[in-house]
1. How high is the relative contact order of region 151-296, given as a whole-number percent (alpha carbon pairs under 8 Å, six or more residues apart)?
2. Quick one: length gained pulling Ala326 to Arg69 fully straight, 0.36 nm per residue minus the C-alpha distance?
3. What is the pair-distance distribution P(r) of region 84-182, computed from all Cα-Cα distances in 10 Å bins starting at 0, with each bin given as a whole percent?
4. Excluding residues on the same chain fewer than 8 positions from Lys345, give the aspartates and glutamates whose Cα lies under 16 Å from its Cα.
5. Can you name the helices of the chain, as whole DSSP H runs, whose Cα span along the helix axis is 24 Å or more and whose Kyte-Doolittle mean is not below 0.0?
6. State, as an integer percentage, the relative contact order of region 377-474 based on alpha-carbon contacts under 8 Å between residues 6 or more apart.
7. Do any chymotrypsin sites (Phe, Trp or Tyr not before Pro) in region 375-418 lie in a DSSP loop with no more than 16 other beta carbon atoms within 10 Å, and if so, which?
8. Which whole-number percent is the relative contact order of the chain (Cα, under 8 Å, 6+ apart)?
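Taken together, the values in this text are just the output of simple stated rules run on the coordinates, not laboratory data. Please read these numbers as outputs of a predicted model, since none were measured by experiment. In this analysis, Cβ positions are derived from the backbone assuming ideal geometry, glycine residues included, and neighbour counts consider all displayed protein chains.
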Amino acid sequence: MAACRGSKIWAVVILASAAVAHITPAEAHGAERGFVLLLPTGYYLFGGAAAVAASFLLLCFVPPRIVDRLARARWPLGTMPAISPAPTSLAAFLLLCLLLAAGLFGSRDPLANPLPLMIWTVWWVAITLLHAVFGNLWALINPWIGAYTLLDRLAGGRLSRSRMLAYPAWLGYWPAILLFLGFAWLELVYPAPDDPERLAVAVAVYWLAAFAGMLLFGCKAWTERAEPFSIFFRLIAGLSPLVIGPALEGGRRSLALAVPGAALLERKPLPISGVLFVLLTLSAVTFDGLSKTFWWLALGDINPLEFPGRTAVMGRNTGGVLAAFALLAAVYVAAVRLGWMMAGKAGPLKAALGSFVYAIIPISIAFHFSHYLTALLVDGQYAVLAAGDPFGTGLDLFGLAQAQVTTSFLNTHDGVRTIWNFQTAGIVAGHVAAVALAHALALRQFGDTRRAVLSQVPLALLMVLYTLFGLWLLSTPVAL
């Protein structure tokens, strides 16, 4: 993945400088950002921001009963059998063990070893995006539930009947925040996040630490408050149009279609620590894009055309991760507080902060999609090839030994324009969905259209500005 991300600097070199002598033939899709610079990105920025602003203005005139009817609408699709997560989770655990073995004993090349490709491309990118479509897949494939259930059965059910410690209510989501910060630092700051051996050690240590937390505090308490990925995927799953109902007679569950994001309207307001966790997930991916821009590097007097490597900017980027988180949290709190005051301070401010943060989730998944799309398209191919020969022994499980990774779609104007259009549409659609979700939440919070609209003016303005910022990140010259 690092090789895929790192190629973007050469796109700018091709079209924006005369330093073509620096280009190396290893950068297979280097023309990507160069073609982006040829696109009328200014019109995209203005049009995207205008679309988000227009969606807010249109919602001001939609009767509350229509909004409520759409939010509660369910179109039955039938029923489905109740699925026990233990077998699928145990299978995921065994797959993880195989990947860890490949990381420790397989190829040292991150693009030939399946562990970094499965972690950074398949799991963190593809599976995250699938949650927004199909719901909480992580509940079935997380690598702890199966092992916990098996150990509980061997212990005669003592694990599920009791726990060593009660999870303190005051602890909230703070463990998840700290753990996700560590994950973000590994991905965005650490010099070699895709080194197979080091990544294998990091993943194994994390699995053991999380499993220890489940043994101490109980599986349910730990996954609901402290395990960041269980929390993150559960939040993203709230965007899915597929809604699984409670158990019916015979153990089956109803399956229905709903307006995407409607499930988030049914959730209770998050505590302040939960609010900060949601904001952290957005600020991390935002900083990932920002840290590669010429603008950010110029702040540290670094020539982006002669980038010295991650080691030289570890301190700055560590501070950047924390600063981006703090800035987004401060701006969000200020926007919600101002809107709450404009609406007459109806209800406690904490409730408004905890409710409206659900509207950040569509923006988070939009940034995730747009930021990682090119990495998914290229590194996804490497992941398939690496899975066919996990230990680099010449094994050819899928008959693809002679296949070659293609990046040709990143070296043509039409290909890059198509990808850019998808990225732009993702950013704009995410913000439009966020505006609509915030409006529906405001109607439930404040009760009438006038106060709901007033409460959302500052937050809608923030979303318009974040749309501009997101589209600028996609279009500005980048290094690495």
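1. The value is 27 percent.
2. Separation in residues times 0.36 nm, less the Cα-Cα distance, equals 88.8 nm.
3. Result returned by the calculation: 13, 29, 38, 17, 2.
4. Filter leaves Asp448.
5. 41-59, 85-105, 196-217, 272-290, 314-342, 360-388, 413-446, 449-475
6. Relative contact order here is 20 percent.
7. Filter output for region 375-418: Phe391, Phe398.
8. Across the chain, relative contact order equals 28 percent.
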